[in-house]
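Participant: I'd like to ask some things about the structure below.
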C-alpha cells in the first residue's frame with residue numbers, strides 16, 4: 001500500500017466537519033507508563049500527568065511529596081516512559097526530558113544528581129525506555145542510544161552519564177532491571193546486560209557486554225524484573241527468563257528459569273512486565289494478567305499472594321497496559337485510565353493509600369487521533385524526501401524531518417496521519433492521492449521504522 005501527499009487544503013476537505021472538530025485539540029496518542037512506585041499518563045492534548053511515591057523526585061513536580069492523585073507536570077509531550085525510579089518524556093520537537101533518580105547517570109544529563117523536575121537531555125528522539133539504573137532510546141534515523149550503569153570487560157562497572165550511540169536500524173526497545181532488549185527493522189531481537197535467569201535467552205546464564213541476537217520475526221518487546229517478552233509479527237506472545245512466581249505465563253512450574261523463548265499464547269498486541277506479574281492486551285481488546293497476585297496486582301478481586309501460572313482475563317475494552325511493583329495500570333479505548341494493586345505510596349492514583357484488588361478509574365486521557373484502537377498499531381514512517389515537508393509548513397516553519405511525525409492507521413480507511421510542530425493533525429485518504437510529479441515522494445507502509 002502506497003501513499004502520496006495532498007496539500008493541506010485538500011486534506012481538510014477530505015475530513016468531515018464533525019471529525020475535524022473532534023480532533024481539533026488532539027495533539028498526542030494517549031499513553032501510560034509505570035515505574036516501581038509511580039505512574040505516568042499522557043493526555044491527547046499533550047499534557048503529562050504523574051502520581052506515586054515521588055521518591056527522589058520521580059513524579060517531577062519540583063518536590064519530593066507523595067502524590068496519591070495525578071498532578072500535571074508539563075505540556076507538548078508525545079511520548080512517555082518510566083524506569084524504576086526515573087521518568088522520561090519526549091516533546092513534539094523531538095527533545096527528550098528526564099527526572100527522578102540519577103545515581104548511575106541514567107537520566108543522561110551528564111551528572112549523577114537526582115532531579116525533581118524535567119531536565120532536557122537531547123534532541124531527535126522518538127522512543128525511550130528505562131530500567132533499574134540504565135536507559136535506552138531511539139532517534140528518528142533508527143539509531144540506538146544508551147546511558148546509565150555500564151559494565152564492560154575492559155573497564156568493569158562504570159557510569160555513562162550522557163547518551164552514546166550503540167547501534168543503528170532499530171524500531172522497538174525495552175528495559176528491565178539490569179538488562180534491555182531491542183528489535184531491529186528486520187525483526188531480529190537483540191539483548192544486553194544481566195542474564196543470570198535467562199532473560200537474554202542465553203543458556204550460559206552469564207551477563208553479556210555486547211549485543212547478542214535472541215530471535216527473529218518480532219515486532220515489539222517488553223522487559224521485566226528478570227524476565228523478557230516479545231510479540232511476533234503474527235501476534236504470538238513469547239516469554240523467557242525468571243519464572244519464580246509464574247510471571248512468564250507458560251504453565252511452567254514456579255521457581256524455574258526459561259532459557260529459550262516459550263509460547264504464552266496468540267492474538268496479543270500489548271504487553272507489560274512488572275516486578276513479578278505480567279499484563280497483556282489482545283487484539284479483541286481483552287485484558288489479561290498472570291504471575292504473583294500480592295496486594296491485588298492481578299486485578300482479579302484477590303489480595304492474597306497467590307501465583308497465577310497462566311493468563312486469566314480480567315476485563316474488556318482495553319488498548320494498553322503498564323506494570324510496576326505490584327501495581328498495575330491500564331488504558332481503555334475510551335481514554336480512561338484504570339489502576340489497581342499496591343497503593344501504600346499512592347501509586348494507584350485514586351487519591352487514597354488503600355490497596356485495590358480490582359481496577360479503579362483514575363483519570364481520562366481523551367481518545368487517540370482517528371480512533372482509539374489505533375494506539376497499539378500506528379507506526380512512524382520515514383519521509384521519502386524531506387523537502388516535501390514544505391507542503392505542510394508555513395513560511396516560518398522548519399522544513400526538516402525532525403519537525404514532523406508520520407503515523408499510519410491501517411484500521412481507519414487507510415488514513416495516513418501527519419502531525420507537526422504546528423500542532424495540527426492532517427490526514428491523507430488512500431483513494432484521494434495527488435501526484436507530486438516525483439516518484440520519490442511516495443510513502444509506503446513497508447518503510448515503517450518505529451512503533
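The values are calculated or read from the model by the stated rules, or taken from the named source; none is laboratory data. Model, not experiment: these values are computed from the prediction. For neighbour counting, all protein chains shown are included, and Cβ atoms are generated from backbone atoms with ideal geometry for every residue, glycine included.
Participant: Look at the stretch 244-264 and say how many of its residues are buried (at least 21 other Cβ atoms within 10 Å of the Cβ) and assigned to a loop (DSSP other than H, G, I, E, B).
Facilitator: Summing the residues that are buried (at least 21 other Cβ atoms within 10 Å of the Cβ) and assigned to a loop (DSSP other than H, G, I, E, B) in the stretch 244-264 gives 6.
Participant: Something else: So which residues in the stretch 334-365 are crowded, with 20+ Cβ neighbours inside 10 Å and modelled with pLDDT under 95, if there are any at all?
Facilitator: Correct list: 365 only.
Participant: Same structure, new question: Give the residue, chosen from 142, 124, 108, 132, that is buried (at least 23 other Cβ atoms within 10 Å of the Cβ) and more than 14 Å from the chain's Cα centre (by Cα).
Facilitator: On inspection, the qualifying residue turns out to be 108.
Participant: Residues to consider are 205, 267, 198, 193; find the one that is farther than 23 Å from residue 320 by Cβ, assigned by TED's automatic domain parsing to the domain that holds residue 136, in contact with a strand residue (DSSP E or B) (Cβ under 8 Å, 6 or more places away or on another chain) and surrounded by fewer than 22 Cβ atoms within 10 Å (Cβ to Cβ).
Facilitator: The unique qualifying residue is 205.
Participant: Run down 24, 98, 9 and say which single residue is closer than 20 Å to residue 127 by Cα and either modelled with pLDDT under 90 or not in a loop (DSSP other than H, G, I, E, B) (or both).
Facilitator: 98
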